[in-house]
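Report on the following structure.
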Amino acid sequence: MSALQPPRVVVLISGRGGNMRALVERSADPAMGYQVAGVLSDRLQARGLQVAADLGIPARALVPDEAVPRADYEAALAAAIDEFTPSLIALAGFMRILSAPFVVRYAGRILNIHPSLLPKYPGLDTHRRVLEAREAQHGATVHFVTEQLDGGPPIIQGRLHVEPDDEADSLQARVHVLEHCIYPLAVRWHCTGRLRYSAGRAWLDGRALSAPVQYEGSEVH
């Protein structure tokens with residue numbers, strides 16, 4: 001890509017698109033080194049589609065049909081992604097599990113953000129589960145997507161202390177603030193060549209990460 005055409009990112013969403021908005025808004029800074037080229041959703045009513053349109057980003061829904069085989073849907077999704085010729089795919093609240101062949105097709109080029117300190121609490125309903133377990137800390141993790149659900153190598157985490165009066169909604173809101181900080185960083189690292197996936201591991205600045213980078217409110221790591 002030329003300096004006038006930074007690497008392109010496609011964002012997949014299913015809901016309101018909070019992380020997608022953060023990625024788009026941060027990309028306005030040329031130093032971030034990427035542009036959001038398009039937004040795709042598996043839900044026609046996803047609020048994030050209108051958010052993307054309001055931000056001037058091409059957005060559309062590809063809704064799965066139960067009568068259509070999963071492989072056919074994913075082929076259509078891949079074709080829609082490839083129209084944007086992206087360097088990276090960012091899952092941002094995309095609730096559909098992607099098959100192994102789809103993930104392999106884009107190996108090393110799909111990131112996800114998960115609302116827990118992985119490997120703790122993969123899957124759904126993380127905030128309630130953290131509270132029920134009386135955890136002292138909670139947070140979010142950006143990781144590479146692999147065939148294992150929420151099991152790809154972690155890249156960066158943001159963490160916070162669970163407050164005595166936290167409920168699932170308040171905890172979720174505070175975690176969202178962290179998500180909107182760490183996801184653009186990881187996308188920046190990938191699109192500027194600092195981050196890559198190789199041999200089943202995440203590599204940052206030429207070194208394999210033995211543990212995810214811990215976000216401390218600074219972009220210098």
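The residues on offer are Arg159, Arg201, and the sole one that is within 19 Å of the chain's Cα centre (by Cα), farther than 25 Å from Ser87 by Cα and open to solvent by 20 Å² or more (accessible area, probe 1.4 Å) is Arg159.
If we keep just the residues of region 205-221 that are modelled with pLDDT under 95 and charged (D, E, K, R), which is most open to solvent (accessible area, probe 1.4 Å)? Looking at the filtered set, the residue picked out is Glu216.
Residues of region 35-76 that are assigned to a helix (DSSP H, G or I) and open to solvent by 60 Å² or more (accessible area, probe 1.4 Å): Arg47, Gln50, Asp54, Arg70, Ala71, Asp72. Scanning region 115-134 for residues that are at pLDDT 95 or above, more than 22 Å from Leu185 (Cα to Cα) and aromatic (Phe, Trp, Tyr) turns up at least one hit.
For region 103-133, residues that are among the acidic types (Asp, Glu) and under 27 Å from Arg194 (Cβ atoms) total 0. Listed by first and then second residue, the pairs with beta-carbon distance under 6 Å, at least 6 apart or on different chains, first residue in region 184-198 and closer than 12 Å to Leu111 by Cβ, second at pLDDT below 95 and open to solvent by 30 Å² or more (accessible area, probe 1.4 Å), form an empty list.
Can you spot a residue in region 119-133 that is out of contact with any strand residue (DSSP E or B) (no Cβ under 9 Å at 6 or more places or on another chain), open to solvent by 60 Å² or more (accessible area, probe 1.4 Å), under 17 Å from Val175 (Cβ atoms) and among the aliphatic types (A, V, I, L, M)? Yes, region 119-133 contains at least one residue that is out of contact with any strand residue (DSSP E or B) (no Cβ under 9 Å at 6 or more places or on another chain), open to solvent by 60 Å² or more (accessible area, probe 1.4 Å), under 17 Å from Val175 (Cβ atoms) and among the aliphatic types (A, V, I, L, M). Residues that are part of a strand (DSSP E or B) and touching a residue at least 40 places away in the same chain (Cβ under 8 Å) were ranked within region 207-218; the one that is farthest from Ile155 (Cα to Cα) is Gln214. Ala53 meets all of the listed conditions (1) free of Cβ contacts under 8 Å to residues at least 24 places away in the same chain; (2) touching a Phe, Trp or Tyr at 6+ places or on another chain (Cβ under 9 Å) but one, namely (2). If we keep just the residues of region 134-156 that are of a type outside the set (Gly, Ala, Ser) and over 26 Å from Tyr197 (Cα atoms), which is surrounded by the most Cβ atoms within 10 Å (Cβ to Cβ)? The extreme case among them is Glu135.
The values are calculated or read from the model by the stated rules, or taken from the named source; none is laboratory data. Predicted, not measured: the structure shown is a model, and the values here were computed from it. With ideal geometry, Cβ positions are generated from the backbone for all residues, glycine too; neighbour counts draw on all protein chains shown. Quick note on the areas: whole protein, heavy atoms, side chains included, nothing else; ligands and nucleic acids left out. Shrake-Rupley method; radii C 1.70, N 1.55, O 1.52, S 1.80 Å.
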